[in-house]
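Colleague: Here it is, the structure, as structure tokens.
The values are calculated or read from the model by the stated rules, or taken from the named source; none is laboratory data. Bear in mind the structure is a predicted one, so any value in this text is a computation, not a measurement. Backbone-built Cβ (ideal geometry, glycine too); neighbour counts: all protein chains shown. Side chains included, ligands, DNA and RNA excluded: accessible areas come from the protein's heavy atoms. Shrake-Rupley method; radii C 1.70, N 1.55, O 1.52, S 1.80 Å.
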Amino acid sequence: MRAAAATVMGIAVAAVMAISIPWGLGTYGETFYYSSDSMGFAPLGFLVIYLAIPAALLTAVLTAMLGVRAKDAHERAVMAALGETAGTSIRRAVLVGLRDGAIAAGIAYAFMGAMHLAVESANGWPSFTTETNAWATRAVEGAVGIVALTVAHLISAWRRNRSPVELSRAAVGAYRRPKTGHLAVRAGVVLAAAAGLIVGLALTHDGDAGGSASGLADGAYMTVWIAAVAVALTALLPAATALAFRGVGLASRVADRLGSTQLAAVLRTRSADRTKAAARVVLVIGVFGFAAGALGAVDTGVRHSDSFAFIYTENPTDPVETVARIEAMDGVTDVVAADVVGLGADDWTEVVAVDPADLVGVDDELADALLAHPGAAVASSSLAGGDASRDGGVARAFRPDAVVPLVGWGLAYVDATEVDLDSTGHTYLVYVSEGADRMAIGDQLMDAVLTSDGASPASQGITFPAGQDGGYSWETPDLGASLFWIVVVVLALAPVAFTAVRAGTRDAATLTALGSPARAVRTAVAIEGAVLGLTAATIGVVSGVATGALTEVLDRARLSLDGVITDSYLAVALDSINWVTSLGFIVVVSLAYAALAAMVASAVHLETPAEALKEGTATR
């Protein structure tokens, strides 16, 4: 399982590295991707913290995979018999983890680096001139993957030395549910205490908490995440294992009622023979499902209308003439003129002052937010955190009464009739018909625009929402991104299925030797794989979705200390669920694992007991 664990780590790291490749370089590449600055220590440190939870889940997956023992279990027992101490065994495991991790991460880094250069070359850009920070980012992601694999090897080796017979029994022996109830209770108490602290602070402070209260809430929020992962690993996923074995028993009764007595007998035997290999598979799939549900939660807040295309800025300009010119373009349905307020060199965002009446019937959700909260800024979720109403972002131009989170932007909207700001120019919100080419419309606006006196405008630019510049975002419920991550998980499950099914070949050999037809054994393996996959994926995703919804609600409660408005916490919880990823994961992964198990079982020689036993010995 060592090679399979390294392969899964490499696939996971490569998938994360792929995010930083400038896939949308062909559209407004200079605006979105050109960068020559080096990354400082602070962003790198933040990246490590951001990857901490995914790294912990990856470590759990790799540890479970390494628990599906192959012949290395006997080798470890022999080394112990020859005098190898526990400390030496652990050091050897660490070195193996570092070496395998470095190889897997190095291959992923090289491949994704080549993809980065290929994208630059295909779009006519010199090498190493776009998203230069991505090279350091991918290096950090690779290092995190190496650490995860090394820790998994360390945990796997952290067991007392046993004889070859004891290790053989531990490898394929009967599964016993781990006694982790006390750990789950402790994690649950910590989770409840941290969540209660956040809620208590939110209730006792009215949108203007001091730095100490916000810092305390931030620490409690991280504690909630850690405790939630601990509860899932110690309580929810072990429960999934027990339910999965019961599901196999239920499948045997269904087969018996359908008249397939031989198949029913094999399924009944496999249900009773609860091997650790099968339990580890449930844990691996369950952790993947938990990650899909929890980390796949989408950003919540005010969303633009589906017809919203981009913000176009052109100065100096006559708003009436510009609106008429843009509306005359093919595919454009509405244009809303607004004033833009530049915040100075120290600020990374701009304030767009727009009359909500102009948005009614065009962008109703944004209009409703501005009308419901006069004097508030409708700003991006990232801007809404921390310093939104104190030091950073909008506050340097004016102090809003509150902040209403907006999804997918680096801009802030205010009601032009309620907030008195000195305009620094004009900007236009452009809305298009369904199916219109937004990039082509943007190109037309950017090309050869002349002012009334025949000169080119002094300033001109387009700002697209997140995900419309040719890339994709973790926090956007995008079908392509969801399918991408599901495919990654299926690829990662392939070595798991291969090793786990072959690790149980000896059980299949025994059944064949006792007279069970090879076809019935193979069918039972496929059905068992379907049941295990479906149960693990469902419980993993459901627990992950619940965790994601809970943390999203608590995050809003935490942000309320900085003046962030949440009209309905229930709506936040429901809106945070990425239904495409969650349901797609359950269906695709359960079917994929069943198919992989069937394919591996079909390749195992079970025609005679001798061949079966020989195959079982070869896989150990």
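Colleague: For SER127 and ILE103 in the same chain, what is the full-extension length gain: residue separation times 0.36 nm, less their Cα-Cα distance, in nm?
Modeller: Once the chain is fully extended between SER127 and ILE103, it gains 6.2 nm.
Colleague: Here's something else I'd like to know. Would you please state which residues of segment 291-310 a label at VAL587 would reach in this model, taking the label point 7 Å out along Cα→Cβ and a backbone N cut-off of under 18 Å?
Modeller: 292-293
Colleague: Any idea of ILE198's accessible area? Nearest 10 Å², probe 1.4 Å.
Modeller: Counting only protein heavy atoms, the figure is 0 Å².
Colleague: Next question. Rank these residues by their accessible area, most exposed first, probe 1.4 Å: HIS116, HIS182, HIS426. If you can, show how the numbers build up before the last one.
Modeller: Working: HIS116 0, HIS182 95, HIS426 55 Å².
These residues rank, largest area first, as HIS182, HIS426, HIS116.
Colleague: Put a dot 7 Å past each Cα toward the Cβ at TRP158 and LEU491; how far apart are the dots in nm?
Modeller: My value for the distance between the label points is 3.1 nm.
Colleague: LEU570: accessible area at probe 1.4 Å, nearest 10 Å²?
Modeller: Ignoring ligands and nucleic acids, LEU570 comes out at about 120 Å².
Colleague: Something else: If I take all pairs of Cα atoms in segment 92-137, what percentage of them are more than 16 Å from each other?
Modeller: For segment 92-137, the share of Cα pairs beyond 16 Å comes to 49 percent.
Colleague: From largest accessible area down, sort TRP225, TRP125, TRP158; use a 1.4 Å probe on the protein chains. Display every interim value, and only then the final one.
Modeller: Numbers: TRP225 35, TRP125 60, TRP158 170 Å².
Order by accessible area, largest first: TRP158, TRP125, TRP225.
Colleague: Peptides 531-543, 547-559, 368-380: what's the order by average Cβ count within 10 Å, highest mean first?
Modeller: Result, highest mean first: 531-543, 547-559, 368-380.
Colleague: Which order do VAL320, VAL521 take when ranked by solvent-accessible area (1.4 Å probe, heavy atoms of all protein chains), largest first?
Modeller: Sorted descending by solvent-accessible area, the residues read VAL320, VAL521.
Colleague: Continuing with the same structure: Please grab the % of Cα pairs in segment 224-379 that end up more than 18 Å from each other.
Modeller: 75
Colleague: Let me ask you something else. Determine the dipole magnitude for segment 238-287: charges of +1 sit on the beta-carbon of Lys and Arg, -1 on that of Asp and Glu, nothing else is charged, the reference point is the Cα centre, and the result goes in debye to the nearest 20. Kindly include the intermediate steps, with their values, before the conclusion.
Modeller: On the way: 8 positive and 2 negative charges, 16 e Å.
Value, rounded to 20: 80 debye.
Colleague: Hey, another quick one. With 5 Å bins from zero, work out the P(r) of segment 541-598 over every alpha carbon pair and list the percent per bin.
Modeller: 4, 17, 20, 16, 13, 10, 7, 5, 4, 2, 1, 0
Colleague: Give me the distance in nm between label points sitting 7 Å out from Cα along the Cα-to-Cβ direction at SER602 and ARG519, one decimal.
Modeller: That separation, rounded to one decimal, is 1.4 nm.
Colleague: Nearest 0.05, what FRET efficiency do GLN460 and MET329 give at R0 = 22 Å with Cβ-Cβ as r? Working shown, then result.
Modeller: On the way: r = 16 Å, r/R0 = 0.71.
Efficiency at R0 = 22 Å is approximately 0.90.
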